[in-house]
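Trainee: Here it is, the structure in full.
The values are calculated or read from the model by the stated rules, or taken from the named source; none is laboratory data. Remember, predicted model here, so these are calculated numbers, not experimental data. Note: ideal-geometry Cβ built from the backbone for every residue, glycine included; neighbour counts use all protein chains shown. Heavy atoms of the whole protein, side chains included, go into the accessibility calculation; ligands, DNA and RNA do not. Shrake-Rupley method; radii C 1.70, N 1.55, O 1.52, S 1.80 Å.
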Amino acid sequence: MGEPYRMETQNLSVYYGRTPGVRGVSLPIHDRRVTALIGPSGCGKTTFLRSLNRMHDLTPGVRVEGRVLLDGEDVYAPGVDPVVVRRRVGMVFQRPTPFPTMSIFENVVAGLRLVGVRDRHRLAEAAERALRMAALWDEVKDRLHAPAVGLSGGQQQRLSIARALAVEPEVLLMDEPTSALDPISTQAIEDLLEDLKKTVTIVIVTHNMQQAARVSDYTAFFLNGEMVEFGPTERLFTNPEDPRTEAYITGRFG
Amino acid sequence: MPEWIYRRLGDRLFATLVAVLGLGVVGAALLITVVLYQGSAEAFRTFGFFGFLTSSVWDAVRGVFGAWPPLLGTLITASLALLLAFFPALAAAIFVVEMAPRWLREPVAYLVDLLAALPSVVYGLWGIFVLVPLVRAHLELPLFTWAAARAPLLVPLLGPPTGIGLLSATLVLALMIVPYASSLARDALALVPQSQREAMFALGATRWEVVRRVVIPYARAGIFSGVVLALARALGETMAVTMLIGNAVNLPYTVFGPAATMASLIANEFTEADTDLHLSALVAVGFVLLLLSLLTNLAATWVLHRLSRKEVRR
């Protein structure tokens with residue numbers, strides 16, 4: 001394909017106890033492209049996504065096998081600090097998760113405070129940049145110090161995106177980021193991705209095939225914990241190679 | 001009897017019962033206040049309300065009674081005990097909710113709660129037979145000897161290193177209120193949504209940073225409620241304090257020396273009060289204690305209101 005991979009999984013499996021949630025997935029993630037993971041509920045796409053920034057480390061009883069390469073280095077290699085991995089690979093969740101005791105501004109710079117940034121000008125600049133990237137700046141610039149929970153659901157989700165972007169991650173993982181939002185907020189976030197991918201590599205899990213077709217450059221189709229097919233989005237949607245992919249995208253199940 | 005009469009009657013009966021019982025509780029509280037006030041009347045008439053509060057002489061022989069020493073004793077022991085208890089209580093809650101492996105959580109939580117189930121008199125006995133000798137030998141005597149040699153100015157502040165007194169009472173009191181603060185803090189921490197923690201972890205936070213920046217702020221109202229409950233308990237705790245504090249109503253108090261709290265004073269002197277004025281003064285101390293608890297609770301409610309108003313939770 002000629003383009004560099006920013007991340008890559010090799011034969012990745014995730015087990016809940018003895019039950020495999022994801023089995024043997026090898027997926028390239030192209031630099032500064034949007035990769036969509038689609039598939040029916042329970043197919044393992046979220047489980048797969050959470051293995052990319054080692055979120056499973058937080059859940060007792062979950063085991064990850066195989067390799068997850070970030071710029072060619074395995075994030076599960078011994079001696080790799082998951083905290084550092086998560087700084088480089090950010091995440092946005094299904095539901096907006098503003099920190100309720102913090103202002104809008106403090107929410108955005110929360111990650112920067114973690115790395116010890118104290119300089120007010122730097123924080124202010126970073127907050128503005130992140131909020132602009134998340135297309136939220138114009139709506140909140142006059143009330144940066146108001147509580148974040150006063151925002152609407154769609155604004156809260158864009159705030160969560162801004163918060164993830166403020167630490168300048170190389171990769172942004174998005175777990176069904178619009179599934180709890182209304183169509184207009186969904187539209188706003190989809191529009192955003194087009195701009196974001198100029199600087200950030202994006203992996204998005206979506207339940208919504210139209211969304212995957214609209215926003216992604218590459219699509220991976222998951223079924224029962226396995227990756228059935230991967231390819232450029234247009235090709236995968238117009239000319240799927242696997243009959244199961246075709247069945248799914250034509251709406252015969254899922 | 002037709003069904004509807006039966007149903008309506010049952011409903012009425014139930015409503016009446018609930019109202020009577022519910023209002024009965026309120027009535028009892030009001031009645032206690034009234035009785036305490038009436039009982040205090042003679043003392044307040046003799047010394048004046050503020051005179052009674054601010055006078056520091058409590059002398060049953062001369063019939064002069066001032067509530068300032070026991071009031072001060074209550075404020076000192078309760079606030080110091082709270083200071084001592086807060087961090088261990090919060091730490092125990094954080095350990096159980098955030099750190100401990102799953103199999104260890106229930107047992108630790110249970111044991112901490114068990115501290116609240118021990119009768120006060122048992123704490124008192126443990127204090128007398130275990131803590132007092134330890135405190136005397138390993139804390140008070142060394143400090144006293146050091147002060148006598150190096151800083152003689154401190155000696156009158158420290159007081160007699162007998163083990164029985166303010167310090168021992170405060171230490172036991174602190175231990176007794178840990179489970180109250182810890183239990184509520186634990187519930188509050190457990191109520192913090194996992195999504196809040198994950199969001200902070202995903203920004204590259206360590207476990208400690210997640211606890212400090214997200215979990216504790218989110219749970220602060222509940223943590224504060226635990227502090228208030230613990231304080232209320234410390235203000236009114238009687239038996240163990242009476243057994244350990246030395247029951248001396250004379251100012252000035254010293255760090256090691258005997259003192260009295262309002263509760264310990266009442267418990268200690270109630271059976272010996274042979275004049276009406278003495279009895280009335282003791283009831284008045286009880287009334288002041290009630291006022292203090294009431295004020296603490298009102299202040300707490302106000303703070304709690306402010307804490308939870310700032311964030312509108314989904």
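Trainee: Mind telling me which of the residues A:205, A:171 ends up being touching a residue at least 24 places away in the same chain (Cβ under 8 Å) and within 13 Å of chain B (Cβ to nearest Cβ)?
Mentor: Numbers: A:205 fails: within 13 Å of chain B (Cβ to nearest Cβ).
The unique qualifying residue is A:171.
Trainee: Oh, and also: Could you please tell me which pairs satisfy a Cβ distance under 8 Å, a separation of 6+ or placement on different chains, a first residue in region A:75-104 that is free of Cβ contacts under 8 Å to residues at least 40 places away in the same chain and more than 9 Å from every other protein chain (Cβ to nearest Cβ), and a second residue that is assigned to a helix (DSSP H, G or I) and not hydrophobic (A, V, I, L, M, F, W, C)?
Mentor: Between residues of region A:75-104 that are free of Cβ contacts under 8 Å to residues at least 40 places away in the same chain and more than 9 Å from every other protein chain (Cβ to nearest Cβ) and residues that are assigned to a helix (DSSP H, G or I) and not hydrophobic (A, V, I, L, M, F, W, C), the close pairs are A:75/A:82.
Trainee: Select, from B:108, B:132, B:155, B:122, the only residue that is assigned to a helix (DSSP H, G or I), in contact (Cβ under 8 Å) with a residue 40 or more places away in the chain and touching a helix residue (DSSP H, G or I) at 6+ places or on another chain (Cβ under 9 Å). If you could, list the steps in order and put the result at the bottom.
Mentor: Values: B:108 fails: in contact (Cβ under 8 Å) with a residue 40 or more places away in the chain; B:155 fails: in contact (Cβ under 8 Å) with a residue 40 or more places away in the chain; B:122 fails: in contact (Cβ under 8 Å) with a residue 40 or more places away in the chain.
Going through B:108, B:132, B:155, B:122 in turn, the sole match is B:132.
Trainee: Restricting attention to region B:238-247, which residues are in contact (Cβ under 8 Å) with a residue 24 or more places away in the chain and either within 7 Å of residue B:166 (Cβ to Cβ) or open to solvent by 10 Å² or more (accessible area, probe 1.4 Å) (or both)?
Mentor: Step one: filter region B:238-247 for residues in contact (Cβ under 8 Å) with a residue 24 or more places away in the chain, giving B:238-246.
Passing the criteria: B:238, B:239, B:242, B:243, B:245, B:246.
Trainee: Let me ask something additional. Of everything in region B:181-212 that's more than 11 Å from every other protein chain (Cβ to nearest Cβ) and open to solvent by less than 30 Å² (accessible area, probe 1.4 Å), which residue is farthest from the chain's Cα centre (by Cα)?
Mentor: Ranking the qualifying residues of region B:181-212, first place goes to B:211.
Trainee: Could you give every pair whose Cβ atoms fall below 7 Å, whose first residue belongs to region A:111-124 and is part of a helix (DSSP H, G or I), and whose second residue is among the basic types (Lys, Arg), counting only separations of at least 6 or pairs across chains?
Mentor: A:111/A:163
Trainee: Can you name every residue in region B:213-234 that is more than 14 Å from chain A (Cβ to nearest Cβ), of a type in the set (A, V, I, L, M) and open to solvent by less than 10 Å² (accessible area, probe 1.4 Å)?
Mentor: First, the residues of region B:213-234 that are more than 14 Å from chain A (Cβ to nearest Cβ): B:225-234.
Going one step further and asking which of them are of a type in the set (A, V, I, L, M), we end up with B:227-232, B:234.
Passing the criteria: B:230, B:234.
Trainee: Scan region B:4-35 residue by residue and report those that are of a type outside the set (A, V, I, L, M) and either within 29 Å of residue B:283 (Cβ to Cβ) or not in a helix (DSSP H, G or I) (or both). Explain how you work it out, then say what you get.
Mentor: Keep residues of region B:4-35 that are of a type outside the set (A, V, I, L, M), which gives B:4, B:6-8, B:10-12, B:14, B:16, B:22, B:24, B:27, B:33.
Passing the criteria: B:22, B:24, B:27, B:33.
Every residue, every condition in (1) more than 26 Å from residue A:95 (Cα to Cα); (2) part of a loop (DSSP other than H, G, I, E, B); (3) open to solvent by 10 Å² or more (accessible area, probe 1.4 Å), yes or no:
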| site | (1), (2), (3) |
| --- | --- |
| A:211 | no, no, no |
| A:214 | no, no, yes |
| A:221 | no, no, no |
| A:227 | no, no, yes |
| A:230 | yes, no, yes |
| A:241 | yes, yes, yes |
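Trainee: Which ones in region B:100-127 are among the charged types (D, E, K, R) and open to solvent by 70 Å² or more (accessible area, probe 1.4 Å)?
Mentor: So in region B:100-127, the residues among the charged types (D, E, K, R) come out as B:102, B:105-106, B:113.
B:102, B:105, B:106, listed by residue number.
Trainee: Restricting attention to region A:155-175, does a residue exist that is within 30 Å of residue A:39 (Cβ to Cβ) and at pLDDT below 90?
Mentor: no
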